[in-house]
1. About the Cα centre of the chain, what is the dipole size in debye to 20, counting +1 per Lys and Arg Cβ and -1 per Asp and Glu Cβ, all else neutral?
2. Just to be sure I understand: with springs between alpha-carbon atoms less than 10 Å apart, which residue in 368, 159, 194 has the highest mean-square fluctuation in the Gaussian network model of the chain?
3. With runs of 4+ DSSP H residues as the only contributors, calculate the mean residue ellipticity of the chain at 222 nm using -39,500 (n - 2.57) per run, divided by the residue total and rounded to the nearest 500.
4. Hey, which lysines would be in cross-link range of residue 231, C-alpha to C-alpha under 23 Å, not counting anything within fewer than 8 residues on its own chain?
5. Mind checking the dipole of segment 51-136: about its Cα centre, +1 per Lys or Arg Cβ, -1 per Asp or Glu Cβ, Debye to the nearest 20?
6. Share of antiparallel DSSP beta bridges in segment 324-436, in percent to the nearest 5?
7. Return one number: the angle in degrees, 0 to 90 and rounded to the nearest 10, between the long axis of the Cα atoms of helix 82-91 and the longest principal axis of the Cα atoms of the chain.
8. By the scheme Lys and Arg +1, Asp and Glu -1, what is the net charge of all other residues having a beta-carbon under 14 Å from that of residue 105?
Amino acid sequence: MENPVKGTHDIIGSEALLYTEIEERCKSIAAIFGYEEIRTPILEHTPLFLRSVGESSDIVHKEMYTFDDKGGRSVTLRPEMTAGVMRSIVSNKLYVEADLPMKYFYLGPCFRYERPQAGRYRQFHQFGVECVGAPSAYLDADVINLGYHCFNSIRVPVKVKINSLGDEESRNNYRAALKEYFAKYIDQMCDDCKRRYEINPLRILDCKVPEDIEIVIGAPKLRDYLTDSAKEYLNLVISILESFNIEAEIDDNLVRGLDYYTGIVFEYHAKPIEGLAEVGALGGGGHYAHLLKDVGGPDYEGVGMSLGLERLFHVFNHFNHDLPDTFGLDFYIMPMDAKFVGDCAVLMNQLRYAGMMTDMSFEAKSFKSQFKAATKKKAKFAIIVGEDEWKNGEFTVKNLSSQIQTKVRGEEIVNSLRTMLQEYYEQIELKYFEEHGNE
Ligand code: AMP
């Protein structure tokens, strides 16, 4: 009872602040790229995922949190966000008045009943975007670029892997070739592969069973079945990315675990670094030609990508990067006597209303213990209110990193503290960019 549900985790303190920082950066990049936020429910009707993510996917087959609600309707905790966004476009008829492409970004928790391990949770968080209604190699590249930019902005170096699932004709030919190849082996392969063989043999390429991987190695390669126009499209996306200084490497076995992808698919992987445990793709996405139609909307193509915040955080932590150190309180007020507590509370309120993160001790504890509290709360400044300050109508303000103390007149306190804080932030920002450059 006292433990969280297996595969879920609490995000607390400085970790929560870092998540917020990463989320804010991703959101602001999405806004810069012209995306609007969309928030869809965590619960959706189960058939939505059957129709979109697809019955041949591991997600639908084994990993969904599906249950009947009290009205006997089958509902599912979303295992990914794209399906919900498509459903929302249809439910709200967003396509009727929209300028195409419709561009939405999202952020929130997803649920998959997977075996927990490094970078794999049962509740995790995705940030992502969907760009629907104007198929173009430029938009495919733009979405890849957006995700790449998110990783860059928190200085996690990634490699982009890309592939094409081809057009309808390429995929049909390839499926037939795979069926022919695997027919000789399917009896000795795992039960999942037997199921995949019947529903979607492409999924077999994703199998992680070592004996099956041996067989997969000899399977026909998708690239040999791509039509000329599918090859040209892939090369165009790669060359657009190159023009943005993004190197994308073709990976023949990249097929992605969701059934709705057609055409371009891609993933972001952390560059291999000693000591960094492999956590799988940090993010991925692709082009989908029929998804919106499959959930009841118009026949618009789209492209999307999503990043897993837990995996991003894991890699970020490995680098031990320090984002500009802006965490913690701005001010901690320390009354040295119980009779100052009321006035200190008024000052705290003024500072908070002026937008400065402030807290205080409501007990006039010893100087030492109040300093300890200020340090624990990562306050930038302590404001000391003792007998002398009281008599002289001033406050002692101590910078807790430089230990320099300043006297500030009571009547100017809010403005003086605001200026002090601004200078503090300017200095750490300057120091940060001196150390790291404007990455
Ligand atoms: P997918 O929707 O499977 O393409 O996954 C997109 C991204 O979500 C992955 O690249 C991961 O970063 C993240 N992700 C997927 N499944 C999990 C999981 N079980 N735990 C943590 N992150 C996940």
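The values are calculated or read from the model by the stated rules, or taken from the named source; none is laboratory data. As the structure is a computational prediction, the values presented were derived from the model and not from experiment. Note: ideal-geometry Cβ built from the backbone for every residue, glycine included; neighbour counts use all protein chains shown. To get the accessible areas, we keep the full protein, side chains included, count just its heavy atoms, and leave off ligands, DNA and RNA. Shrake-Rupley method; radii C 1.70, N 1.55, O 1.52, S 1.80 Å.
1. That gives the chain a dipole magnitude of about 1060 debye.
2. Comparing 368, 159, 194 in the GNM, the peak value goes to 368.
3. -12000 deg cm²/dmol
4. 159, 161, 179, 221
5. With Lys and Arg at +1 and Asp and Glu at -1, about 240 debye.
6. Around 55 percent of the beta bridges assigned by DSSP in segment 324-436 are antiparallel ones.
7. 90
8. Taking every Cβ under 14 Å from that of residue 105, the sum is -2.
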